[in-house]
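Report on the following structure.
The values are calculated or read from the model by the stated rules, or taken from the named source; none is laboratory data. Note that this is a predicted model, so its numbers are computed, not measured. In this analysis, Cβ positions are derived from the backbone assuming ideal geometry, glycine residues included, and neighbour counts consider all displayed protein chains. Note: accessible area is taken over every heavy atom of the protein model, side chains too, but ligands, DNA and RNA are not part of it. Shrake-Rupley method; radii C 1.70, N 1.55, O 1.52, S 1.80 Å.
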Amino acid sequence: MDAVEVFNSLPAVRLEEELLACCAAPAWGAAIIAKRPYRERSEILSAADAAARELSWDDIRVAMSAHPRIGERATGDTKDAAWSRREQSTAAQSPDELTAAALVDANRAYEKRFGHVFLIFASGRTREEILAAARERLGNDEESERVIVADELRKIALLRLERVLDALR
């Protein structure tokens with residue numbers, strides 16, 4: 001059985017758990033589950049992309065609550081915590097304590113300004129790149145930043161969904 005067949009045949013409760021690990025907004029997973037069965041992997045990813053683009057700001061805030069601060073190591077043995085550690089692994093490799101401290105400061109400033117964690121698609125990005133993005137985004141107005149956050153969340157969810165599909169083979 002290929003990944004698409006397994007995806008289609010998983011009980012909704014089990015699939016919902018897998019999808020919540022990708023994106024903690026229940027509306028996202030529900031939209032994907034509702035469109036089963038899928039014929040191809042690309043249809044699943046397309047549905048996931050569309051569902052992410054339809055999330056309300058409240059849904060996005062729920063999803064962000066499952067993400068640790070950038071630069072902080074996610075704890076626990078859940079799938080999403082492991083993925084977060086993996087996604088931030090390049091940034092975690094930097095031994096530069098000044099950059100690490102600056103990132104902590106940028107996180108605080110960002111949270112004070114916008115009222116939520118700084119969310120960024122961190123896979124493959126260095127701590128310095130993430131810090132530069134955080135500093136740049138501090139200059140955004142709230143509406144512009146919400147658009148960026150929604151897109152960053154979408155990219156993270158799709159990457160994680162790819163991992164789920166890869167594991168179903």
Once normalised by the length of region 1-49, the mean sequence separation of its alpha carbon contacts under 8 Å that are 6 or more apart gives a contact order in percent of 39
Helix 97-114: inclination vs the chain longest Cα principal axis, degrees, rounded to 10, gives 70
For region 105-138 the trypsin sites (Lys or Arg not before Pro) that pass both the DSSP coil test and the at-most-16 other-Cβ-within-10 Å test are none
Over the chain, with neighbouring protein chains present, the accessible area per residue in Å² at probe 1.4 Å is 52
Descending accessible area (1.4 Å probe), largest on the left, turns MET1, MET64 into MET1, MET64
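Out of every Cα-Cα pair in the chain, what percent are more than 23 Å apart? Before the final figure, lay out each step's value.
Values: 5730 of 14196 pairs.
The proportion of pairs with Cα distances above 23 Å equals 40 percent.
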Given the candidates SER123, ALA167, TYR110, the one whose Cα lies deepest towards the positive end of the charge dipole of the chain, counting +1 at each Lys or Arg C-beta and -1 at each Asp or Glu C-beta, is ALA167
Counting only protein heavy atoms and leaving out ligands, DNA and RNA, the solvent-accessible surface of GLU129 at a 1.4 Å probe, in Å² to the nearest 10, equals 90
